[in-house]
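The values are calculated or read from the model by the stated rules, or taken from the named source; none is laboratory data. Since the structure is predicted, the reported quantities are computational estimates derived from the model, not experimental observations. Here Cβ is always computed from backbone atoms with ideal geometry, including for glycine, and neighbour counts include all displayed protein chains.
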Amino acid sequence: MESHLQKSELRKQIRKRRIDLPNRRQLGEQIQYAVENLPVCQSAQSVMVYVGYRSEVRTDALIPRLLEAGKTVYVPWCDEDELRLFRLETASELTPGAFGILEPPAELREDPKRAGQPSELDIVLVPGLAFDRAGGRLGQGKGYYDRLLSNVSDDCVIVGLAFDIQMVQRVPVEIHDIAIDFVVTELEVIVTRK
């Protein structure tokens, strides 16, 4: 119970920090550029990219650049309590869906040729509210990404995108929380798992 309360308080603090952050858009563009230039991203063929929402680090510039680079790009979409993967052909295919987050429209999601499996991914780019240098990630609290990440291959690289103000000393983690491999901020690329 204590961990749950710690997470709840940390979520409130970091949300406020992120909302109050000046130049968020410009800093987010720096982060997208740094992610694109990561060797693990450049060598990856199959990439899952979250679609930035509200005060999260945006990915709207990164998605088309990954597509132009010839990557197979998947975006997540909500199907009740699960995230499903959709293979994107152009960024213009995205429309507002659950929670107002851009996602593929229902008629495209029904095409089995456009569905992806977590086990197929080389790299996964995830959002979060707080991160630490040991690979801890604090999400929104619904477990969507942890469930998805529990099904990726052992070789898949998990990268968190965050503003430096989202880095904390220690994220309270539980047994079901999936650790990440890198955190990319506007100031540095942090290798979290050796």
**Request:** Could you please give the count of residues in the range 15-71 that are polar (S, T, N, Q) and exposed (fewer than 14 other Cβ atoms within 10 Å of the Cβ)?
**Result:** 6
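Looking only at the range 89-112, how many residues end up being without any contact (Cβ under 8 Å) to a residue 40 or more places away in the chain and surrounded by 11 or more Cβ atoms within 10 Å (Cβ to Cβ)? Steps first, answer last, please.
Within the range 89-112, the subset without any contact (Cβ under 8 Å) to a residue 40 or more places away in the chain is 89-93, 95-98, 104-112.
Checking the rest, the ones that are also surrounded by 11 or more Cβ atoms within 10 Å (Cβ to Cβ) come to 89, 91, 93, 95, 97, 104-105, 108-109, 111.
The qualifying residues number 10.
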**Message:** Out of everything in the range 44-59 that is hydroxyl-bearing (Ser, Thr, Tyr) and within 16 Å of Tyr74 (Cα to Cα), what residue ends up being nearest to the chain's Cα centre (by Cα)?
**Reply:** Tyr50
**Asked** From the residues in the range 156-168 that are closer than 20 Å to Glu56 by Cα and assigned to a loop (DSSP other than H, G, I, E, B), which one is farthest from the chain's Cα centre (by Cα)?
**Response** Val168
**Request:** Could you list all residues from the range 72-81 that are modelled with pLDDT under 90, over 15 Å from the mean Cα position of the chain (by Cα) and surrounded by 10 or more Cβ atoms within 10 Å (Cβ to Cβ)?
**Result:** Asp79
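This table checks each residue for (1) of a type in the set (S, T, N, Q); (2) outside any helix (DSSP H, G or I).
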{"site": "Glu107", "(1), (2)": "no, no"}
{"site": "Gly128", "(1), (2)": "no, yes"}
{"site": "Gln140", "(1), (2)": "yes, yes"}
{"site": "Asp146", "(1), (2)": "no, no"}
{"site": "Asp154", "(1), (2)": "no, yes"}
{"site": "Arg170", "(1), (2)": "no, yes"}
{"site": "His176", "(1), (2)": "no, yes"}
{"site": "Glu186", "(1), (2)": "no, yes"}
**Item:** Sole exception among (1) acidic (Asp, Glu); (2) farther than 21 Å from Gln32 by Cβ; (3) surrounded by fewer than 16 Cβ atoms within 10 Å (Cβ to Cβ) for Glu120, by number
**Value:** (3)
